[in-house]
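Every number here is computed from the coordinates shown, using simple stated rules; none is lab data. Quick caveat: nothing in here was measured; it's all calculated off a predicted structure. Glycine also receives a Cβ, built like all others from the backbone with ideal geometry; neighbour counts cover every protein chain displayed.
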């Protein structure tokens, strides 16, 4: 049995809009790379996947396209998604004969059956024998250390690259959930638009993301932060650099942040009274890359009146939750979101 387990592996896959994270049973997290692929249109060959492909963003000739095959947590390019999965799974193999017995994939709430099927098919075609789906907020809460099986509210806000998932979880299931297409990528778009309008400078997504990480904040900061960014002057067409401050980034993303806060507010308002009382006692847990935005926890706590904490290592909460399921599959099988089969009664 030990020999078979060494060949047939169980794997957890967090196929996010921004990053793909893969967890192997007994090995832990083995892959954490951007969900980006670069393809040569002339030869129809994949040039790079992950970190190498992300370095090419905004720097390619006409015949090379760099794409993100997932948009807002949904497969927008099936073939490219399959290639990303296959490449990353093959890269993480410890031996060529290793194959994948079971794969557990985290998906956003409220995906249609067609969207769920596309994610499942991509994993099957990438080499997984059996695919199970689980709601991303549930697995994020599990990875953040929340007691999701208890008869009490666990409130999770997962701000990823393409979507923000907000959920109230109790007894191992989702009571109230909202999914917004406002998250890290929207913040980048906001910064690009702000820099273009205020400074007449055209910048790309990597530069906007750099500015967001370097000086971005949700609330005014005591320290003055500034970083230099470079782009193309829209008046002269020549290269130019400017200094962008934390208050600039805060002004750029303010509207998108307000959308997220309002959605959290609405979710709490719709929560049953007993669970709302639990939420006040246990608080809100922030995870995902967006949780690292300076002061976001303080802003959310001020706006909702509910204590807010940031999960340990928020970027990997979903992957850790998948690992908990993979390591003890039978105990957590009830969390999996596979379509129910018709009940058969033998008379």
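Per-structure values
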{"quantity": "Helix-derived mean residue ellipticity, 222 nm - over the chain, DSSP H n ≥ 4, -39500 (n - 2.57), to 500", "calculated": "-11000 deg cm²/dmol"}
{"quantity": "Ranked by how many other beta carbons lie within 10 Å on average, peptides 307-313, 320-326, 184-190 from highest", "calculated": "320-326, 184-190, 307-313"}
{"quantity": "Hydrodynamic radius of the stretch 177-336 per Kirkwood, over alpha carbon pairs, in Å", "calculated": "17.8 Å"}
{"quantity": "Antiparallel bridge percentage (DSSP; both residues within the chain; nearest 5)", "calculated": "65 percent"}
{"quantity": "Paramagnetic label zone (point 7 Å from Cα along Cα-to-C-beta, residue 333; backbone N under 11 Å) in the stretch 17-34", "calculated": "none"}
{"quantity": "Cα centroid of the stretch 148-175 to Cα centroid of the stretch 120-138, whole Å", "calculated": "20 Å"}
{"quantity": "Semi-axis lengths (Å, descending) of the ellipsoid that matches the C-alpha gyration tensor of the stretch 133-245", "calculated": "39, 15, 10"}
{"quantity": "Per-peptide average of other Cβ atoms within 10 Å, ordering 191-201, 39-49 highest first", "calculated": "191-201, 39-49"}
{"quantity": "Max mean-square fluctuation residue, GNM over the chain, Cα-Cα springs under 10 Å, options 171, 315, 88", "calculated": "171"}
